[in-house]
Amino acid sequence: MRLTTALLMAISLFAPTAVLAHEAGHGGHGGHAMPAEAGSPGKASEATRVVTIVATDSAFSPNAVAVKAGETVRFIVRNDGKLVHELTIGSKAMQLEHQSEMLGFAVSGAIGLDSVDRAKLGAHDHGNNVLLEPGKTGEIVWTFAKATELEFGCNVPGHYDAGMLGAFKFE
């Protein structure tokens, strides 16, 4: 109940800013510069292993994943929560920038508490993220270019700030 209240408060406090930013073309993954050192979408056939990450309504499990530079990993992401969740791979700065886009989606009705209107959402899959309704499973295949500071986070309004994030630890 607290998370729902926090989500609604975040939407009401920041909705005007998010709508203006979203309408002005700011946000969107096209505006999120993914540095080359962060890596890029990979091919499932080149993955050296599979890692399952479970989203609950307050955290990811595990909240840290060991990776190697040059490694391709297939991430199976499962939403075991009662709310919509996202897993996005990126730098902290990219996660924070992506939050304005996600807030715009919430304000427009493309993302609800427990549902996603894919028609309103448009193209949200950009290789570094997956957006899931409760009970759904998706995947990301990612090739880590070199050791850098990367994390995974849920940027549905209020979730990242509530602690829904994890770190990649380079070996």
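In the range 105-129, of all residues being more than 14 Å from the chain's Cα centre (by Cα) and among the charged types (D, E, K, R), the one that is nearest to GLU86 (Cα to Cα) corresponds to ASP114. The residues of the range 142-163 that are under 14 Å from the mean Cα position of the chain (by Cα), of a type outside the set (Ser, Thr, Tyr) and within 23 Å of PRO35 (Cβ to Cβ), listed by number, are TRP142, LEU150, GLU151, PHE152, GLY153, CYS154, ASN155.
Scanning the range 35-64 for residues that are at pLDDT below 95 and either open to solvent by 80 Å² or more (accessible area, probe 1.4 Å) or of a type in the set (Phe, Trp, Tyr) (or both) returns a single hit, ALA36. Considering the range 119-158, and only residues there that are in contact with an Asp or Glu (Cβ under 8 Å, 6 or more places away or on another chain) and either among the polar types (S, T, N, Q) or closer than 17 Å to VAL107 by Cβ (or both), the residue that is surrounded by the fewest Cβ atoms within 10 Å (Cβ to Cβ) turns out to be THR148.
Find all pairs meeting these conditions: Cβ atoms under 7 angstrom apart; at least six residues apart or on different chains; first residue within the range 143-171 and touching a residue at least 60 places away in the same chain (Cβ under 8 Å) and farther than 19 Å from LEU131 by Cβ; second residue among the acidic types (Asp, Glu) and open to solvent by 50 Å² or more (accessible area, probe 1.4 Å). That search, which allows pairs on different chains as well, returns ALA145/GLU37; LYS146/GLU37; THR148/GLU37. Is it true that VAL84 is in contact with a strand residue (DSSP E or B) (Cβ under 7 Å, 6 or more places away or on another chain), surrounded by fewer than 22 Cβ atoms within 10 Å (Cβ to Cβ) and not hydroxyl-bearing (Ser, Thr, Tyr)? Against the criterion (in contact with a strand residue (DSSP E or B) (Cβ under 7 Å, 6 or more places away or on another chain), surrounded by fewer than 22 Cβ atoms within 10 Å (Cβ to Cβ) and not hydroxyl-bearing (Ser, Thr, Tyr)), VAL84 does not qualify.
The values are calculated or read from the model by the stated rules, or taken from the named source; none is laboratory data. Just so it is clear, the structure is predicted and the values come from calculations on it, not from any experiment. Methodologically, a virtual Cβ is constructed for each residue, glycine included, from the backbone with ideal geometry; neighbour enumeration extends over all protein chains shown. For accessibility, only protein heavy atoms count, side chains too; no ligands or nucleic acids. Shrake-Rupley method; radii C 1.70, N 1.55, O 1.52, S 1.80 Å.
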